[in-house]
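A quick write-up on the structure given underneath.
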Amino acid sequence: MPITVTVPCTNAALSADFYSYLFTSAPDVRDSVAEIAVDDGVYLKLVERPAPIAPQEFAFGRCNVDALVERIGDAIPAYEGDIEAMPPGTYWGPHDYPGGFALVVSDPDGHYFSFVEW
């Protein structure tokens with residue numbers, strides 16, 4: 001059974017471009033809604049809402065952080081500072097934590113996507 005997570009955004013096409021690069025998956029964009037596969041049976045549904053949008057945090061616990069950094073490193077700017085002040089469209093990390101390796105990416109609307117390799 002597929003799992004769909006709804007993510008509010010100010011521009012579905014712009015967010016779909018960002019996520020298609022991040023997850024290497026082609027988006028299905030229809031008017032103010034876009035859907036993109038992020039894993040086998042897991043989808044993000046990007047739905048346009050008027051600004052401002054309250055940032056949310058999403059977490060992925062089974063990923064290859066090194067491969068993700070290698071893929072996005074040239075296209076998404078790195079940010080090294082307070083994670084609470086992370087600008088949209090940047091990534092923070094990777095950082096080694098006890099028991100895991102973590103990377104956080106901020107999308108164009110300021111949502112945080114945490115990727116952890118356990």
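Entry for segment 49-118 at q = 0.12, 0.15 Å⁻¹: log10 I(q)/I(0) = -0.30, -0.46, Debye formula applied to identical alpha-carbon scatterers, no solvent contribution. What's the angle, to the nearest 10 degrees (0 to 90), between helix 12-23's Cα axis and the longest principal axis of the chain? Helix 12-23 sits at roughly 40 degrees to that axis.
Using the average count of surrounding beta-carbon atoms within 10 Å as a protection proxy, the listed peptides 44-57, 6-19 rank, highest first, as 6-19, 44-57.
Using C-alpha pairs under 8 Å with a sequence gap of at least 6, the mean separation divided by the residue count of the chain gives a relative contact order of 24 percent.
Length gained on full extension, I53 to S32, computed as 0.36 nm times the residue gap minus the Cα-Cα distance: 6.0 nm. The antiparallel fraction among DSSP beta bridges confined to the chain stands at about 65%.
Extension gain for A75-H95 works out to 5.3 nm (0.36 nm per residue, less the C-alpha to C-alpha distance). The percentage of C-alpha pairs in the chain whose separation is greater than 16 Å is 59%. For the chain, modelled as a GNM whose springs connect Cα atoms under 10 angstrom apart, the maximal fluctuation among G89, G99, G61 occurs at G99. An ellipsoid equivalent to segment 1-52, defined through the eigenvalues of its Cα gyration tensor, has semi-axes of 18, 12, 9 Å when rounded to whole angstrom and sorted largest first.
Laboratory data are not the source of any read-out in this text; all were calculated from the coordinates shown. Quick caveat, the model's predicted, so the values are computed rather than measured. Ideal geometry is used to build each Cβ from the backbone, glycine not excepted, and the neighbour counts take in all protein chains shown.
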